[in-house]
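**Q** Below you will find the structure I want to go over with you.
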Amino acid sequence: MDIIKIIDSIADKIFEKRDELSELDRAIGDSDHGVNLSRGFQKIKEESSIFSKLNYSEIANKMAMILISNVGGASGAIYGTGLMRVAQSLKGVEELDRDKVGVALGAMVEGIKFRGKAIAGEKTMLDTLEPVEKIFQESKELSICEFLDKIEEVAQEGMESTKDMLATKGRASYLGERSIGHIDPGAMSSYIIVKTICENLREEFKC
Ligand SMILES: Nc1ncnc2c1ncn2[C@@H]1O[C@H](COP(=O)(O)OP(=O)(O)OP(=O)(O)O)[C@@H](O)[C@H]1O
Ligand SMILES: [Mg+2]
């Protein structure tokens, strides 16, 4: 698996979608999600060539540090904490397999919950990532191609489900009832990340 190619394509996709993400944040936040997250991922892409000298844990840790210091705001700290937990969970891992990725994903969701003190249903990125983590653990009998389709489908449903939710965490919660009717920008950025990973893996596994 070419992890650097996957990371670079996430950076490219977030860049491509940055105005759409900031537009979603304009409706229920402060219009900065796409611009900030894209700045962080572009910085990651600038440094990604040195990742070939690092193990998976070190890569996740480096990405966390870059996001925390370059994205700012709630999402930089939250994605960064999630990736720091991924780094801890992958210590000593040389080869990735489905089980190890599942453990890392579980650690990421736990880190996000710990940092943001949110649970699913509060209109955040967790509404994309928690269902993905759940289906990941429950779908181990599927072939890799069916598995990737399922993961992407669940991520999309999770992201879309935030439209009808009332925000009770983060900046969007200041809007109260007026937050209903808009997709959460963080749920959308998480969906873009999951979808991009699935697209890359489909290519690799010739799905
Ligand atoms: N407590 C939280 N737990 C999980 N996710 C959260 C939390 N607060 C915000 N988010 C996610 O972060 C996204 C907003 O990210 P953004 O980069 O726009 O930060 P921000 O809210 O503008 O930050 P700040 O208010 O600190 O400037 C939301 O759409 C939501 O998905
Ligand atoms: Mg914002």
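**Q** From the list 137, 156, which one is away from ligand 1 (no atom under 12 Å from the Cβ) and closer than 24 Å to residue 84 by Cβ?
**A** Every option except 137 fails the conditions.
**Q** Can you name the condition, by its number, that residue 9 falls short on among (1) out of contact with any Asp or Glu (no Cβ under 7 Å at 6 or more places or on another chain); (2) small (Gly, Ala, Ser); (3) within 15 Å of ligand 1 (Cβ to nearest atom)?
**A** All conditions are met except number (3).
A quick yes/no check of all residues on (1) of a type in the set (Phe, Trp, Tyr); (2) away from ligand 1 (no atom under 16 Å from the Cβ); (3) over 17 Å from residue 4 (Cα atoms):
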| position | (1), (2), (3) |
| --- | --- |
| 53 | no, yes, no |
| 59 | no, yes, no |
| 68 | no, no, yes |
| 83 | no, no, no |
| 92 | no, yes, yes |
| 98 | no, yes, yes |
| 101 | no, yes, no |
| 106 | no, yes, yes |
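**Q** List every residue pair whose Cβ atoms lie under 6 Å apart, where the two residues are 6 or more positions apart in sequence or sit on different chains, the first residue falls within segment 113-136 and is touching a residue at least 24 places away in the same chain (Cβ under 8 Å), and the second residue, located anywhere, is basic (Lys, Arg) and within 16 Å of ligand 2 (Cβ to nearest atom).
**A** 118/169; 122/169; 124/169
**Q** Does segment 61-73 contain at least one residue that is at pLDDT 95 or above, assigned to a loop (DSSP other than H, G, I, E, B) and not acidic (Asp, Glu)? Outline the logic, then answer.
**A** Taking segment 61-73 and keeping what is at pLDDT 95 or above, we get 61-71.
Subset that is assigned to a loop (DSSP other than H, G, I, E, B): 71.
Remaining after also requiring not acidic (Asp, Glu): 71.
Taking every residue of segment 61-73 in turn, at least one turns out to be at pLDDT 95 or above, assigned to a loop (DSSP other than H, G, I, E, B) and not acidic (Asp, Glu).
**Q** Could I ask something else about it? Test each condition in (1) at pLDDT below 95; (2) exposed (fewer than 15 other Cβ atoms within 10 Å of the Cβ) for residue 170 and report the one that comes out false.
**A** In the conditions (1) at pLDDT below 95; (2) exposed (fewer than 15 other Cβ atoms within 10 Å of the Cβ), residue 170 misses (2) alone.
**Q** Shifting gears a bit: I'd like to verify a number: residues in segment 61-86 that are aliphatic (A, V, I, L, M) and in contact (Cβ under 8 Å) with a residue 40 or more places away in the chain, how many?
**A** Start the filter on segment 61-86 by keeping residues that are aliphatic (A, V, I, L, M), which leaves 63-68, 71, 74, 77-78, 83-84, 86.
Applying the additional criterion that residues be in contact (Cβ under 8 Å) with a residue 40 or more places away in the chain yields 63, 74, 78.
Residues meeting the conditions: 3.
**Q** Given the structure, is residue 181 within 24 Å of residue 23 (Cβ to Cβ), crowded, with 23+ Cβ neighbours inside 10 Å and not hydrophobic (A, V, I, L, M, F, W, C)?
**A** Details: within 24 Å of residue 23 (Cβ to Cβ): yes; crowded, with 23+ Cβ neighbours inside 10 Å: no; not hydrophobic (A, V, I, L, M, F, W, C): yes.
No; evaluated as a whole, the condition is false for this residue.
For every residue, the table says whether it meets (1) more than 9 Å from ligand 1 (Cβ to nearest atom); (2) under 20 Å from residue 101 (Cβ atoms); (3) touching a strand residue (DSSP E or B) at 6+ places or on another chain (Cβ under 9 Å); (4) not small (Gly, Ala, Ser).
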| position | (1), (2), (3), (4) |
| --- | --- |
| 161 | yes, no, no, no |
| 174 | yes, no, no, yes |
| 181 | yes, no, no, no |
| 186 | no, no, no, no |
| 194 | yes, yes, no, yes |
| 200 | yes, yes, no, yes |
| 207 | yes, yes, no, yes |
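**Q** Right, here's the next one. Within segment 86-102, restricting attention to residues that are more than 17 Å from residue 194 (Cβ to Cβ) and of a type outside the set (Asp, Glu), which residue is nearest to ligand 2 (Cβ to nearest atom)?
**A** Taking the candidates together, the pick is 87.
**Q** Checking residue 161 against (1) in contact (Cβ under 8 Å) with a residue 40 or more places away in the chain; (2) closer than 26 Å to residue 41 by Cβ, only one condition comes out false. Which one?
**A** (1)
**Q** Which residues, taken from segment 13-47, are part of a helix (DSSP H, G or I) and in contact (Cβ under 8 Å) with a residue 60 or more places away in the chain? Before the answer, list the steps.
**A** Of segment 13-47, the ones part of a helix (DSSP H, G or I) are 13-16, 18-28, 33-47.
Correct list: 13, 14, 20, 21, 22, 24, 25, 27, 28, 33, 34, 37.
**Q** Here is a follow-up. Mind telling me which of the residues 135, 144, 66, 119 ends up being within 22 Å of residue 22 (Cα to Cα) and β-branched (Val, Ile, Thr)? Spell out the reasoning first.
**A** Details: 135 fails: within 22 Å of residue 22 (Cα to Cα); 144 fails: within 22 Å of residue 22 (Cα to Cα); 119 fails: within 22 Å of residue 22 (Cα to Cα).
Result of the check over 135, 144, 66, 119: 66.
The values are calculated or read from the model by the stated rules, or taken from the named source; none is laboratory data. Note that the structure is a prediction, hence the values are computed from the model and not measured. Glycine also receives a Cβ, built like all others from the backbone with ideal geometry; neighbour counts cover every protein chain displayed.
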